[in-house]
Structure formats: C-alpha cells, structure tokens
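Colleague: Dumping the structure here so I can ask a few things about it.
The values are calculated or read from the model by the stated rules, or taken from the named source; none is laboratory data. Note that the structure is predicted; figures quoted are calculated from it, not measured. For neighbour counting, all protein chains shown are included, and Cβ atoms are generated from backbone atoms with ideal geometry for every residue, glycine included. What goes into the accessible areas is simple: the full protein's heavy atoms, side chains included, and nothing from ligands, DNA or RNA. Shrake-Rupley method; radii C 1.70, N 1.55, O 1.52, S 1.80 Å.
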Amino acid sequence: MIDVINLKKNYGKLEVLKDITTTINQGEKIAIIGPSGSGKSTFLRCLNCMEDPTGGAIIFEGVDIANINVDINIHRRHMGMVFQQFNLFNNKTVIDNIMLSPMHIESHDLRVKKLKNFFIKIRNTFTKNKKPIYEINTTRAKIKAEAKENAMRLLKRIGLEDKANVYPSTLSGGQKQRIAIVRALAMNPKVMLFDEPTSSLDPEMVGEVLDLIKQLVNEGMTMVIVTHEMGFAKEVATRVLFMDEGKILEEDVPEEIFTNPKNARTKEFLSKVL
C-alpha cells in the first residue's frame, strides 16, 4: 500500500530522517517505537506529506505523493491522521468538527463537476463531437445531510452521541481524542496514522482511546502508530519498527522485537522502558 524509498528529511543542516526504506502492506498494523527525538513523528508526518520530504519517494497506491507535481490533497483523503493534541476546532461543535472534512471534499467535487460541465457545454456548441457531461446526482443539502447522518453514526459508535452539539472545550481529554479518531474515520480512509494518540492523556483516559484503536485493528484497518505504550504495541502490532537518530535500526514481529531484539540500541532502549 505504501512504499517508502530512501526517505530523507532535513531542517537546514539537521538530518532528521536518514535514508529510510520500508513497506507498509494493506491490513498491517505498524507500531513505531523509539526514544524521543528519534524522528518517529517526522516519519509519520512525511507519510502523508504534512512534512515535505527532502529526498526519496513515498509511493501510495502506485503514486509518488512526494512528487511536487502530484496534488497531495487528493491522496490525503484516503489517509486519516490523529495527532497528540487532538487538533479539534474549538469554535465548532463536535458534530461540525466531524462533518467538516467530508462536506469540504464532497462540496469541492460537486463544484468541480459543475465547472467542468459548464465548459463542456460551451465546447459542445462549437464542435460536432459532443462530449458527455458529468453526471451530478447530489446537492449541497444532500451532502450536508449525509455528512450529518454519518457523523451521528460515528458518535453513537463511541457512545458520545449526546455530545454532538457541545464544544470541544467541555470534553475530557479521552473524549476529545475519540472524537478526533472518528473525525478521521468520517473520511472513510484506507490507512490511519496515529501520532502518539495517548501521550496527552491522563492515565485513566488512555484505556478508552486504546480500546477504540483496538476496534479498528479488529476490523482490519491498515494503520501506523507512533507510540510509547509498549504493551499496546506488543498486543496489536503485526510489525514493530524501532527508530533512533533518524533511522529504522530494527523491524520485526512484536514477539521478536520485545523478547529477542537483535540490535544493541534496541536492547538498550527496551531495557529502560519495559
């Protein structure tokens, strides 16, 4: 699904990612572990080009999305992203937060089709070869209604349908992060990227967020998770990547990484966190 080839990321003279190559297959659950400052979050953000790579390629479903000539926004539609700090819009209600991206995408596509049809009709008046216009079977009102229905379905799934019309500032950290996750799910993504989704939560709230992620695991969602929760990584990951100093030093199934690590730096790190 995603092929990362010789990925590099520099900030000026500082090398943050150093020639990373790996593959993320459909259905895999990849946990990325390592010390702070090892490049984990930068690597994750490069996967959907929230950070522009300095070099290398990121092939997502056959397209190098790191290529400057590619419209990255089209491909980001298929990548859900969940951040450490929730990144909810505090001036919008919970349901509006969830509806925002799907409505924007569908409304944009509707505008594009209408604009294309306008020019096709003009072209057809001056040529003998009539080009068919794009079929339009929706309206802005229908787009909004469908987005709202889907948002309520997702809120019901996590037991927060009663919070639909409140603002994020009234929610607990665990509730905010679960809302952030279903907001990403509202886009119907093919892969989910989690950047330390529990690091900003109180310990008692961590479990409810991890339980939701486990549900997605059981449903077969492809996901990449940067995490400090070693027990969680061991339980849900199909493969674990250990990063340090901008490189993947070791990658293997969880059983091997956590019980029989090969790299000396991996051994040292795990001896301190387990």
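Colleague: For the chain, what is the accessible area per residue in Å² when the probe is 1.4 Å?
Modeller: 52 Å²
Colleague: Over 27 Å between Cα atoms: which of Lys8/Lys262; Lys92/Lys113; Lys92/Lys144; Lys29/Lys92; Lys8/Lys190 fall into that group?
Modeller: Check vs 27 Å cut-off fails for Lys92/Lys113; Lys29/Lys92.
Colleague: State, to one decimal in nm², a quarter of the convex hull surface area for the C-alpha atoms of the stretch 15-59, i.e. the direction-averaged projected area.
Modeller: Mean orientational projected area (the stretch 15-59, Cα hull): 3.5 nm².
Colleague: Could you point to the residue in Ile136, Phe194, Ala184 farthest towards the positive end of the stretch 87-195's charge dipole, with +1 and -1 charges on the Cβ of Lys/Arg and Asp/Glu respectively?
Modeller: Going by the Cα projections, it comes out as Ile136.
Colleague: A further question follows. Students often check this: by mean Cβ neighbours within 10 Å, which of 30-38, 11-19 ranks highest, and how do the rest follow?
Modeller: Top of the packing list down: 30-38, 11-19.
Colleague: Cα centroid distance between the stretch 184-224 and the stretch 17-72, in Å?
Modeller: 19 Å
Colleague: I've got another one for you. Enter the mean projected area of the convex hull around the alpha-carbon atoms of the stretch 176-237, in nm², rounded to one decimal.
Modeller: Over every viewing direction, the Cα hull of the stretch 176-237 projects on average to 3.9 nm².
Colleague: What order, most packed first, do the peptides 223-231, 88-96, 107-115 have when packing is the mean number of other Cβ atoms within 10 Å of each residue?
Modeller: Per-residue Cβ counts within 10 Å, averaged per peptide and sorted highest first, yield 223-231, 88-96, 107-115.
Colleague: Something else now. For the stretch 129-202, take N as its residue count and report Rg(C-alpha) divided by 2.2 N^0.38 Å.
Modeller: Expressed relative to 2.2 N^0.38 Å, the Cα Rg reads 1.52.
Colleague: Let me ask another. Using unit Cβ charges (K, R positive; D, E negative) and no other charged atoms, how large, in debye to the nearest 20, is the dipole of the stretch 111-243 about its Cα centre?
Modeller: Here the size comes out at about 1780 debye.
Colleague: Using only Cα atoms, tell me the angle between helix 203-218 and the longest principal axis of the chain; keep it within 0 to 90° and round to the nearest 10.
Modeller: 60 degrees
Colleague: Of all DSSP beta bridges in the chain, what percent run antiparallel (nearest 5)?
Modeller: 55 percent
Colleague: Shifting gears a bit: Rounded to the nearest 10 degrees, what's the angle between the helix 140-157 long axis and the longest principal axis of the chain, both from Cα atoms, 0 to 90?
Modeller: The angle comes out near 30 degrees.
Colleague: Right, next: Taking all pairs of distinct Cα atoms, average 1/r, flip it, and tell me the Kirkwood hydrodynamic radius of the chain in Å to one decimal place. Write out the running numbers ahead of the final one.
Modeller: On the way: mean 1/r = 0.0488 Å⁻¹.
Taking every pair of different Cα atoms in the chain, averaging 1/r and inverting gives 20.5 Å.
Colleague: Compute the acute angle (0 to 90°) between the alpha-carbon long axis of helix 264-273 and the principal axis of greatest extent of the alpha-carbon atoms of the chain; round to the nearest 10°.
Modeller: So the inclination is approximately 90 degrees.
Colleague: Once Rh is set to the Kirkwood radius over Cα pairs, what Stokes-Einstein translational diffusion coefficient, in µm²/s, holds for the stretch 128-272 at a temperature of 25 °C and a viscosity of 0.890 mPa s? The partial results should precede the final answer.
Modeller: Numbers: Rh = 18.2 Å.
Answer from the Stokes-Einstein relation: 135 µm²/s.
Colleague: Here's something else I'd like to know. For a label point 7 Å from the Cα of Ala164 along Cα→C-beta, name the residues of the stretch 177-201 whose backbone N is under 20 Å from it.
Modeller: Once the point is set 7 Å along Cα→Cβ of Ala164, 177-188 turn out to lie under 20 Å by backbone N, inside the stretch 177-201.
Colleague: If you don't mind, there's one more thing I want to ask. Could you size up the charge dipole of the stretch 1-155 around its Cα centre, putting +1 on the beta carbon of Lys and Arg and -1 on that of Asp and Glu, and report it in debye to the nearest 20?
Modeller: Details: 24 positive and 15 negative charges, 188 e Å.
Using only the charged Cβ atoms, the result is roughly 900 debye.
Colleague: Dipole magnitude of the chain about its Cα centre, charges +1 at Lys/Arg Cβ and -1 at Asp/Glu Cβ only, in debye to the nearest 20?
Modeller: I would put it at about 1760 debye.
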